[in-house]
1. Can you give the charge dipole size of the chain about its Cα centre, rounded to the nearest 20 debye, using +1 on the beta carbon of Lys and Arg and -1 on the beta carbon of Asp and Glu?
2. With an 8 Å cut-off on Cα pairs and a minimum separation of 6 or more residues, tell me the relative contact order of the chain in percent.
3. Helix 10-22: angle to the longest alpha-carbon principal axis of the chain, degrees 0 to 90, nearest 10?
4. Rank-order 28-35, 247-254 by packing density, defined as the average count of other C-beta atoms within 10 Å over each peptide's residues, highest first.
5. Just the number, please: carbon plus sulfur as a percent of the accessible area of the stretch 82-207, 1.4 Å probe, no ligands or DNA/RNA counted.
6. Provide the FRET efficiency to the nearest 0.05 for the ASP154-VAL268 pair, computing r from the beta carbons and using R0 = 22 Å.
7. Rounded to the nearest 0.05, what FRET efficiency do ASP301 and ALA228 have when you use their Cβ-Cβ distance and R0 = 35 Å?
8. Where in the stretch 228-271 is the amide nitrogen less than 18 Å from a point lying 7 Å along the Cα-to-Cβ axis of ARG197?
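The values are calculated or read from the model by the stated rules, or taken from the named source; none is laboratory data. Just so it is clear, the model here is predicted, and its values are computed rather than measured. Cβ: placed from backbone, ideal geometry, glycine included. Neighbour counts: every protein chain shown. We work out accessible area using only protein heavy atoms, side chains counted, and drop any ligands, DNA or RNA first. Shrake-Rupley method; radii C 1.70, N 1.55, O 1.52, S 1.80 Å.
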Amino acid sequence: MRPFKHLLPAALSFSLFGLAACGSVDHDPPRLETVFGSVSPMDTLIAYFDKSIDDFDEEQVTSNVKIRVVKQKGSKIYIVGAVDTVAGIPRLMPSSDYDTLRFINIEDDDGNKEKLQTVTFSTYPYLDSDEYETNEAGNCRSNSKPKDAEVLMDSSLKFYDGSKLTKGITVTGILGGQYNKNCRDDEDLFKVYLKKRDTLSIQLAGLTDSIPLELAVLGPAKIDGAPAECIYDNDEFVSVDAAKRKKTVVIDTTIGIGDIHECGTNTVTDYLPYYIVVRYSETLPTKGQLPQPYKLTVTVDQK
């Protein structure tokens, strides 16, 4: 067992006991107040209790999935996943439902304790196939080009997991930065299929505000005979940089697919591949591009 607090000196303990005896006696144990719901596999889970915890040991927290207690401070216990690490970030099991954290014999300063308290949580999928080590040939895997993009939505007009487009989907990933002296991971691409007049709603949130992200949308691939204003394949027609927003670093934007669709088809009802790009803010120098987990939520409204 590894305690997280040192024992108080005996004299000080008696002094505190004497002070406590002068007031009203609290017989209620610390009560767990946290409700998690769905979380990113790379989140730090913080369990809040209604009063400060005493004599805590990490073995008082267990789960049906691999976890690690990183610290306890006051009324809070901090927990991360212990399944593996991605670019040095601890990770819970992705796409997992109704996992349980169990808190056993959590005690306050007066010695009041509760035998067992539990809270459940689920984790979002992890859709980011970058590998953070080179293969035997020394090559780095990347999803930074359209041909290598993660398939968020397939041609069946549902998300890859079968979710309805109007319901939306949330996935997670990570930008690893310079995770290897030969490899960089500074952007991830996600493929969706859209037609003219569709509306694409996107939310992008990084784990830490100190490493802002940028969101962009590319597409479609240019056909022969496309209008003169169509110059490039998969042209970038939308970008939103979190570092340039005054009120929040969370990006929440809605994009209508207009005339740009005609760069890729003569039939406006055709569905064409477009690409959502997650990358570091252009304001970040290379040395500031540290590993940054993110959560991406996408909804499509078809007209």
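1. Values: 34 positive and 46 negative charges, 46 e Å.
Roughly 220 debye for the chain.
2. Relative contact order here is 17 percent.
3. Relative to the chain, helix 10-22 is tipped by roughly 90 degrees.
4. On the way: 28-35: 15.2, 247-254: 13.4.
Put in order of decreasing packing, that is 28-35, 247-254.
5. On the stretch 82-207, the fraction of accessible area on carbon and sulfur atoms equals 43 percent.
6. Numbers: r = 21 Å, r/R0 = 0.95.
Between ASP154 and VAL268 the formula returns 0.60.
7. Calculated transfer efficiency: 0.70.
8. Taking a point 7 Å out along Cα→Cβ of ARG197, the residues of the stretch 228-271 whose backbone N falls under 18 Å are 255-271.
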